[in-house]
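The values are calculated or read from the model by the stated rules, or taken from the named source; none is laboratory data. Only a predicted model underlies this, so the values are computations on that prediction, with no experimental measurement involved. Counting neighbours? That spans all protein chains shown, and the Cβs are built from the backbone with ideal geometry, glycine included. To get the accessible areas, we keep the full protein, side chains included, count just its heavy atoms, and leave off ligands, DNA and RNA. Shrake-Rupley method; radii C 1.70, N 1.55, O 1.52, S 1.80 Å.
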Amino acid sequence: QVQLVESGGGLVQPGGSLRLSCAASGSIDSISTMGWYRQAPGKQRESVATITRGGSTNYADSVKGRFTISRDNAKNTVSLQMNSLKSEDTAAYYCNANILLRGSYYYTNDYWGQGTQVTVSS
């Protein structure tokens with residue numbers, strides 16, 4: 001069983017910063033892509049930022065220049081530094097990891113954290 005646990009969400013004023021962290025644990029052989037997704041009420045879940053094991057990143061246009069994703073492969077963690085936060089960033093943020101389980105040879109699976117709420121409000 002794999003578990004992803006997020007932390008770092010909270011209430012912040014516009015222009016402020018938050019750092020989200022996610023730790024994956026369990027029967028993990030390796031993790032390919034990790035990422036952060038968010039879902040605001042009434043909206044579809046969207047990709048915020050992803051990062052491959054090799055460090056290649058991809059950001060949503062709406063967060064480019066403001067958010068930075070990073071990971072520590074040895075610790076199976078991924079973080080999202082969020083700066084210059086806007087009210088539009090308010091959402092539940094979910095950690096995602098594409099994981100090859102120990103004992104699995106062909107398939108990876110996507111795992112999700114339970115989410116952490118980020119609220120940007122004055």
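Cβ-Cβ under 7 Å, sequence separation 6+ or interchain: first residue in the stretch 57-70 and at pLDDT 95 or above, partner assigned to a loop (DSSP other than H, G, I, E, B) and open to solvent by 20 Å² or more (accessible area, probe 1.4 Å). Which pairs?
Listed pairs, sorted by first residue: Arg66/Asn83; Arg66/Ser84.
Only residues that are open to solvent by 70 Å² or more (accessible area, probe 1.4 Å) and closer than 19 Å to Gln114 by Cβ: list them for the stretch 11-32, please.
Of everything in the stretch 11-32, those that are open to solvent by 70 Å² or more (accessible area, probe 1.4 Å) and closer than 19 Å to Gln114 by Cβ turn out to be Leu11, Arg19.
Any residue at all in the stretch 42-65 that's within 20 Å of Gln13 (Cβ to Cβ), of a type in the set (Lys, Arg) and open to solvent by 50 Å² or more (accessible area, probe 1.4 Å)?
no
What are the residue pairs meeting all of these: first residue in the stretch 82-109, first residue under 11 Å from Ala40 (Cα atoms) and assigned to a loop (DSSP other than H, G, I, E, B), second residue open to solvent by less than 40 Å² (accessible area, probe 1.4 Å) and not hydroxyl-bearing (Ser, Thr, Tyr), Cβ atoms under 7 Å, and 6 or more apart or on different chains?
Partner pairs satisfying both residue conditions: Thr90/Ala40; Thr90/Val118; Thr90/Val120.
Identify, from the list Gly8, Gly35, Gly103, the residue that is at positive phi and either surrounded by 14 or more Cβ atoms within 10 Å (Cβ to Cβ) or aromatic (Phe, Trp, Tyr) (or both). I'd like the intermediate steps shown before the answer.
Values: Gly35 fails: at positive phi; Gly103 fails: either surrounded by 14 or more Cβ atoms within 10 Å (Cβ to Cβ) or aromatic (Phe, Trp, Tyr) (or both).
One residue alone meets the criteria, Gly8.
Restricting attention to the stretch 1-33, and to residues there that are of a type in the set (S, T, N, Q) and in a strand (DSSP E or B), which single residue is nearest to the chain's Cα centre (by Cα)?
That would be Ser21.
Give the residue that is surrounded by the fewest Cβ atoms within 10 Å (Cβ to Cβ), with candidates limited to residues of the stretch 66-96 that are under 13 Å from the mean Cα position of the chain (by Cα) and among the aliphatic types (A, V, I, L, M).
Per the criteria, the residue is Ala92.
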